[in-house]
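Asks: One structure is given below, represented as structure tokens, and several questions about it will come after.
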Amino acid sequence: MYEVDPGPRLGPTAAAASLPARRGDLNTEACGIINRREKQVNLTNGMKATLFIVIAWAMCLGAACTGPEGRAEGMYEESMEKITAGDLQEGVSLLQQVISEYPDTAAAGQARKEIDLYRGIAGAVENYPVASARDLMVRTARVLERLRFRRRLPAALDDLVPQKLDSTPVDPWGEALIYVRSSNGRGYSLISLGSDGAEGGSGAARDIVIRNGEFKEGGW
């Protein structure tokens, strides 16, 4: 039979040294692992807190944008876009809506400062064609008045081109002025039918009539 050599015997000190680690060392290593895990947990909690703050800030911002101030500001900006595009009446209407629906907002305060200005501009733009038509009719009537005084009124305005007029008078709406000579040849009527090109109407569509050098109200 073969005998197994047990090898040299180790003393107590050597045996202790041959152990992989002391209990205290294991505890230290375990604490290190725990500490690392706590740091990871703390980092995760910090990220959650940061995310919560970002979400809360976004919600507050969204509330501000959809609240009265945000809606008023949006409507005010829309009114400025309309005005810039030349739609003055719609722009003024939106400014008035801001003032009426959101009276305590900053946008309403700004709208109050500007609405009268834009109303005035809108009125001037709306009335400009009427003023231009009246000016054209006055210049044409002056020519006719000189001829009426001499009892030489033309049968048609075209007869005055080019000696007395550069061209047949056309109103701002693209229609030739209507000229009617009286049956006895001693008087005349000069008419613009306004923006609608039809008899009657109101505002810019109202007929403009000059009879024998004077503006007349009502029909021809």
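Asks: Which residue out of Val92, Val125, Val161 is closer than 21 Å to Asp196 by Cα and among the β-branched types (Val, Ile, Thr)?
Replies: On the way: Val92 fails: closer than 21 Å to Asp196 by Cα; Val161 fails: closer than 21 Å to Asp196 by Cα.
It is Val125.
Asks: As an exercise: evaluate Pro103 against (1) surrounded by 19 or more Cβ atoms within 10 Å (Cβ to Cβ); (2) not in a helix (DSSP H, G or I) and give the number of the one condition it does not meet.
Replies: (1)
Asks: Okay, moving on. For Val98, state whether it is touching a strand residue (DSSP E or B) at 6+ places or on another chain (Cβ under 9 Å), surrounded by 11 or more Cβ atoms within 10 Å (Cβ to Cβ) and modelled with pLDDT of 95 or more.
Replies: When the stated conditions are applied, Val98 does not pass them.
Asks: Give the number of residues within region 183-207 that are surrounded by 19 or more Cβ atoms within 10 Å (Cβ to Cβ) and in contact (Cβ under 8 Å) with a residue 60 or more places away in the chain.
Replies: 2
Asks: Still on this model: Taking region 187-220 only, how many residues are among the basic types (Lys, Arg) and at pLDDT 95 or above?
Replies: Of the residues in region 187-220, 1 are among the basic types (Lys, Arg) and at pLDDT 95 or above.
Asks: Can you tell me which condition Ala58 does not meet? The list is (1) of a type outside the set (Phe, Trp, Tyr); (2) at pLDDT below 90; (3) closer than 30 Å to Ala204 by Cα; (4) part of a helix (DSSP H, G or I), and all the others hold.
Replies: Checking Ala58 against (1) of a type outside the set (Phe, Trp, Tyr); (2) at pLDDT below 90; (3) closer than 30 Å to Ala204 by Cα; (4) part of a helix (DSSP H, G or I), the one that fails is (3).
Asks: A further question on this structure: Which one of the conditions (1) touching a residue at least 40 places away in the same chain (Cβ under 8 Å); (2) surrounded by 15 or more Cβ atoms within 10 Å (Cβ to Cβ); (3) of a type outside the set (Asp, Glu) does Val180 fail to meet, given that it meets all the rest?
Replies: Of everything listed in (1) touching a residue at least 40 places away in the same chain (Cβ under 8 Å); (2) surrounded by 15 or more Cβ atoms within 10 Å (Cβ to Cβ); (3) of a type outside the set (Asp, Glu), Val180 misses just condition (2).
Asks: While we're on this one: Can you pull out every residue in region 160-185 that is acidic (Asp, Glu) and closer than 26 Å to Arg206 by Cα?
Replies: Residues satisfying the conditions are Asp171, Glu175.
Asks: Of all residues in region 148-177 being of a type in the set (A, V, I, L, M) and touching a strand residue (DSSP E or B) at 6+ places or on another chain (Cβ under 9 Å), which is surrounded by the fewest Cβ atoms within 10 Å (Cβ to Cβ)?
Replies: Ala155
Asks: Just for region 139-196: of the residues that are under 41 Å from the mean Cα position of the chain (by Cα) and either part of a helix (DSSP H, G or I) or among the polar types (S, T, N, Q) (or both), which one is nearest to Arg211 (Cα to Cα)?
Replies: Among residues in region 139-196 that are under 41 Å from the mean Cα position of the chain (by Cα) and either part of a helix (DSSP H, G or I) or among the polar types (S, T, N, Q) (or both), the one nearest to Arg211 (Cα to Cα) is Ser192.
Asks: Restricting to region 197-220, count the residues that are touching a helix residue (DSSP H, G or I) at 6+ places or on another chain (Cβ under 7 Å) and not in a loop (DSSP other than H, G, I, E, B).
Replies: Qualifying residue count for the region: 3.
The values are calculated or read from the model by the stated rules, or taken from the named source; none is laboratory data. Every value quoted in this text rests on a predicted model; they were computed, and no experiment measured them. Note that each Cβ is placed from the backbone with ideal geometry, even for glycine, and that neighbours are counted across all protein chains shown.
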